[in-house]
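A short write-up of the structure that comes next.
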Amino acid sequence: MSARFEYQMARFLPFRDTAVCEHVRNIKREDVCEHPNENFKISVIEDETAFRFAYVLDIVEGIKRSLDEGRSYVMILPAPNPHYAFVAQMVNRLNLSCRHVHTFNMDEYADEDGNTAPRDWKGGFQYWMWEDLFARIRPELRMPEDQIHFPSTANVNDYSAMIEGLGGADVCYGGIGWCGHIAFFEPHLGLEFGADIDAYLKAGTRIVELHPITVLQNCLYADAGSAGDWSWTPPKAATIGPRELAGAKRVSFWDGFGCGDAVWQRFISRLAAHGPVTPLVPASILQILPSELMLSGSVAADCSTLTSERAIRIADPRLEADRELAGVSER
């Protein structure tokens, strides 16, 4: 039995309840979908390819259904994802008109003064949403450009009202950030609300300072070269808030688009879904909204998996032989 080592969590972490963290860390795969709120549905799609296809299909299905019903369709979309290209491909193959669709992106980077990134900056969300999705849809099928929206310095004070003016979002897609954020509405912002969840749910679009974990998470993605280059991640962002999720007819979060073998969403998905509902873990509000949380098989797997197996093996058999001769054993 290994010795117990107790410590206080890092001070920059707003949520620091050790007992809760230990509890959710130990939630097993077979129990992860259980929740007392029947309006909060947790599901697992084991196969990673099927998980990605299901996300694409869900987006296209909503566009098609609303078109058939003869109504407008308002979507809140998360950060760029290469799989948006498959959405565009399906739209084109099906000859599916998106003229009735209004999109609102969750967020966009900003500099230290709160000035949001221009559309042609290759590190920005606007740039990649156009590259991955909008520009790939045939012009005659594409939603009009004045129906494609991003939060910005110019509209940040009106963005929430713009969505609500269309009747609120029909669907708000997203994923839980490493620090527990929704969009870029970060955990340290929760300190301003205390335990007042009602006030928190009314907090709308704003310019925010990014949490250190968010900076590190985002510098691992392809639009930052997957190089861990934290100097490429701006310090602030314009972002929607809890108000937009609370006002959406459907909230659909998908956790399974992580960074390679580092499945960091295993823990934070459990904390958000099974810990206390608190502004210090922004995504925990999913528990009290009509929402769904879709998990890939790798995210649903036990948190203990990574600590019970060696993540790195020495591949060169000659080195293994050298280790044996030196009396070095695997531990």
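The values are calculated or read from the model by the stated rules, or taken from the named source; none is laboratory data. Please read these numbers as outputs of a predicted model, since none were measured by experiment. Cβ coordinates were reconstructed from backbone atoms using ideal geometry, including for glycine residues, and neighbour counts include every protein chain displayed.
General remarks:
- Residue identified as surrounded by 14 or more Cβ atoms within 10 Å (Cβ to Cβ), over 23 Å from Ala301 (Cα atoms) and among the aliphatic types (A, V, I, L, M) among Val32, Val24, Val44, Val60: Val60
- Residue match in region 198-213 (condition: surrounded by 23 or more Cβ atoms within 10 Å (Cβ to Cβ) and of a type in the set (Gly, Ala, Ser)): no
- Residue match in region 62-71 (condition: among the hydrophobic types (A, V, I, L, M, F, W, C) and under 30 Å from Ala238 (Cα atoms)): yes
- Residues satisfying the stated conditions in region 131-140, i.e. surrounded by fewer than 17 Cβ atoms within 10 Å (Cβ to Cβ) and either more than 20 Å from the chain's Cα centre (by Cα) or of a type outside the set (D, E, K, R) (or both): Ala135, Arg138, Pro139, Glu140
- Scope region 37-59; condition in a loop (DSSP other than H, G, I, E, B) and closer than 18 Å to Tyr173 by Cβ; matching residues: Asn39
- Only one of the numbered conditions (1) free of Cβ contacts under 8 Å to residues at least 60 places away in the same chain; (2) surrounded by 17 or more Cβ atoms within 10 Å (Cβ to Cβ); (3) out of contact with any His (no Cβ under 8 Å at 6 or more places or on another chain) is violated by Arg99, and that is (2).
- So Glu34, is it assigned to a loop (DSSP other than H, G, I, E, B) and either touching a Ser or Thr at 6+ places or on another chain (Cβ under 9 Å) or modelled with pLDDT under 95 (or both): no
- Residue selected from region 219-241 under the condition of a type in the set (Phe, Trp, Tyr) and either within 17 Å of the chain's Cα centre (by Cα) or more than 26 Å from Ala154 (Cα to Cα) (or both), by the criterion modelled with the highest pLDDT: Trp230
- Residues of region 92-119 classified as farther than 14 Å from Pro80 by Cα and either out of contact with any Lys or Arg (no Cβ under 8 Å at 6 or more places or on another chain) or part of a loop (DSSP other than H, G, I, E, B) (or both), total: 18
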